[in-house]
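The next block holds one structure in the form of structure tokens; read it before the comments.
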Amino acid sequence: MARTATTAPGSKPSDDRLKGWRGYVYSTNHKDIGTLYLSFALFASLVGTFLSIAMRLELHEPGLQFFTNPQYYNVFVTAHGLIMIFFVLMPALIGGFGNWMVPMMIGAPDMAFPRLNNLSFWFLVASFTLLINSLFFGGAPGSDGAGTGWTIYPLLSTKGHPGPSVDFVILSLHLAGASSILGAINFIATILNMRAPGMTMHKMPLYVWSILITASLLVLALPVLAGAVTMLLVDRNFGATFFDPQGGGDPLLFQHLFWFFGHPEVYIMILPAFGIISTVVATFCGKPIFGYLGMVYAMVSIGFIGFVVWAHHMYTVGLATDTQAYFIAASLTIAVPTGIKVFSWIGTMWGGSIDFRTPMLWTIGFIFLFTVGGVTGVVLANAGVDRVLHDTYFVVAHFHYVLSLGALFAIFAGWYYWFPKMTGYMYSELIGHIHFWLTFISVNILFFPQHFLGVAGMPRRIADYPDAFEGWNYVSSIGAYLSACGALVFFYGMAEAFYRKRPAPANPWGPGATTLEWTLSSPPPFHQFEVQPRIS
Amino acid sequence: MTTKAPDMAEAEPERPVFQLVEPSPWPVRGALSALLLAAGLIIWIYGLLWPPWMVFFVGVFGVAATMIGWWREVIQEAENHEHTPLTRLSLHYGMILFLGSETMFFVAWFWAFFNTALFPADSIQVVRDHVIGGQWPPQGIQMESPWGLPLLMTVILLTSAAAVTWADARLLKNNRWGLKAGLICAISLGIIFTVIQAHEFMGASFNYSGNIFGAVFFMATGFHGAHVIIGSIFLGVCLLRAFLGQFRPNEHLGLTFASWYWHFVDVVWLFLFAFVYVWGT
């Protein structure tokens with residue numbers, strides 16, 4: 001039996017966007033909301049990148065050139081991290097591509113709660129406003145802004161920042177958290193309930209699986225962050241002593257609560273990326289993903305284990321040896337399902353006819369560079385080694401490899417893959433290739449030397465450093481400027497595509513693109529699958 | 001579904017299964033109100049404007065107006081027969097997931113409680129051990145007996161939960177008098193619980209600030225109390241709708257969800273009672 005969609009009987013069905021600003025602002029359409037998220041992420045990425053370029057400019061040479069009050073450098077570090085995580089990666093991967101593609105991929109006309117979807121987006125805008133506000137209010141004595149790092153540990157974030165900045169950060173996190181929790185509820189209900197007839201769970205595209213698991217992590221992990229930052233708020237303003245030992249409190253309580261959220265958070269950022277990579281690999285090798293069930297349950301395992309490894313971020317705080325031993329073992333086990341995925345992607349490419357168009361370049365780049373980042377994570381999982389490397393640039397290199405060279409590459413893979421579908425225009429392959437190679441080379445120049453700096457002992461989150469670290473810092477900064485040029489190439493490529501308006505067919509990629517969005521026009525109609533397709 | 005070819009099956013006009021929601025102003029209004037509420041809180045705390053509480057209360061008003069406007073819209077859609085069985089199933093999932101997130105929120109507060117209560121003499125926590133005297137409850141903290149008012153509060157909430165369940169059962173048999181009576185009972189007991197809780201708060205020998213016991217106790221039970229108030233309002237709206245003749249025996253999601261919420265609040269209290277009140281003293 002086919003399943004159909006409807007608006008209220010007797011009311012005017014909205015078969016197109018409302019005219020004027022209300023069309024997007026009041027939207028209950030998953031594609032328009034996805035566009036809102038992607039545009040927002042793009043804008044936020046400019047702010048986040050500006051902050052990082054400023055930091056690399058400072059670190060270009062020893063000595064303080066720009067941040068004569070080094071507290072401001074810490075403010076930039078904090079804002080850079082929060083913006084990239086909450087206002088670039090998550091909105092792009094989950095809010096942007098998730099909203100755009102999940103309903104189409106499961107053959108549904110929209111999300112389960114279209115109005116709630118819109119709230120999730122506007123909450124994020126409100127959250128970003130609060131974060132930007134934090135930069136302009138007093139923080140630590142003598143400066144503005146929250147210079148705590150994105151991890152906002154007390155007592156630096158309580159007694160150390162008497163001004164309102166950290167309160168703005170806390171409330172920003174509350175709203176971003178609410179945005180994500182509501183969005184996650186929406187995705188889970190949609191995926192569980194609105195699949196086309198015949199699409200069993202084990203027939204869902206891997207990207208949909210990745211969003212389902214990500215959403216489950218969000219629902220379970222974010223409320224704990226909410227509790228932690230609420231405790232921070234009352235400690236700061238209402239005299240509570242959750243984290244102040246002089247009142248019987250414990251600073252480590254915050255770290256436990258934060259990382260109980262914080263570790264699933266990194267899987268929240270990478271799982272949708274895994275979904276995109278699986279989709280693009282299958283398309284451009286012209287064969288289905290190797291080992292579908294293995295891929296599904298690898299993601300489930302990663303999500304599950306991700307909840308019980310949080311204290312590997314806390315190896316230097318004085319945990320009991322046996323406790324550390326447990327967390328080492330648990331953290332190392334995540335390498336197994338992750339390895340299954342990497343080998344399966346390679347297995348998919350094996351014997352396939354590989355089409356090296358732009359999305360596939362980003363994808364192959366991801367598989368290689370994410371693996372590099374992953375193995376440095378395995379190094380850090382060992383508490384003994386981490387004792388030395390904690391809070392050094394080795395950690396910075398690790399997470400930038402998995403995020404800036406992992407998640408970001410997956411975002412670009414998804415962007416180029418789905419750009420024709422979303423806009424109806426073809427991008428220029430030449431510009432896409434230039435963008436990829438320039439970025440690939442420059443981000444490696446940027447981040448690879450940071451491994452050396454970390455092993456040599458350079459601490460993170462410092463505006464200045466001893467002369468001995470000068471060489472690799474100089475190289476790293478050059479990489480940063482080059483990658484900014486890569487970003488310029490990206491923007492040029494987008495402008496060129498919108499200017500040239502080369503029409504994109506419904507499916508530009510060939511028979512390898514098997515998910516349902518490729519059966520629709522480019523761009524798709526305002527409402528699709530009002531009668532659901534039957535899946536065999 | 002059996003003999004027709006797939007494309008033929010899709011061509012026949014079908015009973016609508018999904019609800020496509022019309023564009024709505026409430027999300028953006030809600031987010032803007034939340035922004036004003038948040039900024040207003042900071043303005044109030046730091047006295048950045050005059051009067052300091054103005055922006056905050058504008059935000060509160062906006063959030064309340066959004067909740068009323070939005071949920072009124074949902075109720076209208078439901079009463080207008082726009083909710084298909086699939087919509088209702090989605091709403092069930094949504095409410096369960098929401099309660100899951102609320103559970104995890106309370107996990108954070110219980111974690112804070114157990115962090116000190118289980119390890120009051122942890123050797124690494126030198127200053128804390130000295131301040132609390134290596135014991136739980138900390139030295140100098142006088143807790144009342146859990147078998148007095150707290151036990152009464154437990155009985156009140158359990159009875160209240162039973163009343164809601166009874167009301168739901170009456171509705172299933174289309175007994176609207178029973179529905180209203182049960183709801184009135186449940187709400188009254190919820191209000192009584194809140195009043196007793198407030199009395200307990202005001203009469204506590206320990207302060208909220210300056211000590212970990214006060215912090216954990218008042219924040220955990222305080223957030224619970226806030227949820228009791230929210231649940232009472234939710235049940236109150238159900239009572240109003242019952243008087244308006246809404247809710248059918250086979251379709252009454254609002255009541256079902258209010259009932260689930262109320263049971264959730266009850267279970268959280270049982271954990272609070274067992275661990276904070278009984279075990280913790």
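Would you confirm, using the coordinates I've provided, whether B:G100 is within 11 Å of chain A (Cβ to nearest Cβ), open to solvent by less than 40 Å² (accessible area, probe 1.4 Å) and not hydrophobic (A, V, I, L, M, F, W, C)?
Answer is yes for this residue.
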Among residues belonging to segment A:486-536 that are aliphatic (A, V, I, L, M) and more than 23 Å from A:P103 (Cβ to Cβ), point out the one that is nearest to the other protein chains (Cβ to nearest Cβ).
A:M494
Mind checking whether some residue in segment B:112-134 is among the hydroxyl-bearing types (S, T, Y), within 20 Å of A:A215 (Cα to Cα), open to solvent by less than 60 Å² (accessible area, probe 1.4 Å) and within 9 Å of chain A (Cβ to nearest Cβ)?
no
Sort out which residues of segment B:157-181 are of a type in the set (V, I, T) and surrounded by fewer than 20 Cβ atoms within 10 Å (Cβ to Cβ), and write them in order of number.
B:T159, B:T165
Being within 14 Å of chain A (Cβ to nearest Cβ), under 28 Å from B:F217 (Cα atoms), outside any helix (DSSP H, G or I) and in contact (Cβ under 8 Å) with a residue 12 or more places away in the chain is the requirement here; does B:P146 meet it?
no
Filtering segment A:147-183 down to residues that are among the hydrophobic types (A, V, I, L, M, F, W, C) and free of Cβ contacts under 8 Å to residues at least 40 places away in the same chain yields A:L156, A:F168
Which residues, taken from segment B:78-92, are assigned to a helix (DSSP H, G or I) and buried (at least 19 other Cβ atoms within 10 Å of the Cβ)?
B:A78, B:T87, B:S90, B:L91
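Table: residues versus (1) open to solvent by 10 Å² or more (accessible area, probe 1.4 Å); (2) closer than 30 Å to A:A513 by Cα.
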| site | (1), (2) |
| --- | --- |
| A:M104 | no, yes |
| A:D110 | no, yes |
| A:N118 | no, yes |
| A:T129 | yes, no |
| A:I132 | yes, no |
| A:G138 | yes, no |
| A:A146 | no, no |
Selection from segment A:284-318 of residues that are open to solvent by less than 10 Å² (accessible area, probe 1.4 Å), out of contact with any Lys or Arg (no Cβ under 9 Å at 6 or more places or on another chain), over 27 Å from B:I124 (Cβ atoms) and of a type in the set (V, I, T)
A:V296
When A:I152 is evaluated against the numbered criteria (1) surrounded by fewer than 24 Cβ atoms within 10 Å (Cβ to Cβ); (2) within 11 Å of another protein chain (Cβ to nearest Cβ); (3) of a type outside the set (G, A, S), which criterion, by number, is the only one it fails?
(2)
Does A:G377 satisfy the condition of being exposed (fewer than 15 other Cβ atoms within 10 Å of the Cβ), free of Cβ contacts under 8 Å to residues at least 60 places away in the same chain and either under 19 Å from A:A329 (Cβ atoms) or touching a helix residue (DSSP H, G or I) at 6+ places or on another chain (Cβ under 8 Å) (or both)?
no
Filter pass, A:Y465 being farther than 30 Å from B:L20 by Cβ and not in a loop (DSSP other than H, G, I, E, B)
no
May I ask you to list the residues in segment A:458-478 that are buried (at least 16 other Cβ atoms within 10 Å of the Cβ) and of a type in the set (G, A, S)?
A:A463, A:S476, A:S477
If A:V531 meets every condition in (1) at pLDDT 95 or above; (2) over 27 Å from A:V281 (Cβ atoms) apart from one, which number is that one?
(1)
Consider segment A:223-255. How many of its residues are over 19 Å from B:F206 (Cα atoms), among the aliphatic types (A, V, I, L, M) and either facing chain B (nearest Cβ under 7 Å) or in a loop (DSSP other than H, G, I, E, B) (or both)?
4
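Please go through segment B:100-114 and give me each residue that is within 12 Å of the chain's Cα centre (by Cα) and closer than 17 Å to A:L232 by Cβ, ordered by number. If you could, list the steps in order and put the result at the bottom.
First pass over segment B:100-114, keeping only residues within 12 Å of the chain's Cα centre (by Cα): B:100-103, B:105-106.
Correct list: B:F105 only.
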Residues of segment A:359-369 that turn out to be open to solvent by less than 20 Å² (accessible area, probe 1.4 Å), under 19 Å from A:F448 (Cα atoms) and either touching a Cys at 6+ places or on another chain (Cβ under 7 Å) or not small (G, A, S) (or both), as a count
4
Let me confirm something: among A:I434, A:I411, which residue is modelled with pLDDT of 95 or more and over 22 Å from the mean Cα position of the chain (by Cα)?
A:I434
Within segment A:296-403, helices (runs of 4 or more DSSP H) holding 2 or more residues that are over 24 Å from the mean Cα position of the chain (by Cα):
A:321-333, A:335-349, A:383-389
Return the only residue of A:E496, A:E517 being of a type in the set (D, E), in a helix (DSSP H, G or I) and open to solvent by less than 20 Å² (accessible area, probe 1.4 Å).
A:E517
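The values are calculated or read from the model by the stated rules, or taken from the named source; none is laboratory data. Everything quoted here is computed from the prediction, not taken from an experiment. In this analysis, Cβ positions are derived from the backbone assuming ideal geometry, glycine residues included, and neighbour counts consider all displayed protein chains. Ligands, DNA and RNA are stripped out before the accessible areas are found, and what is left, the full protein with its side chains, is counted by its heavy atoms. Shrake-Rupley method; radii C 1.70, N 1.55, O 1.52, S 1.80 Å.
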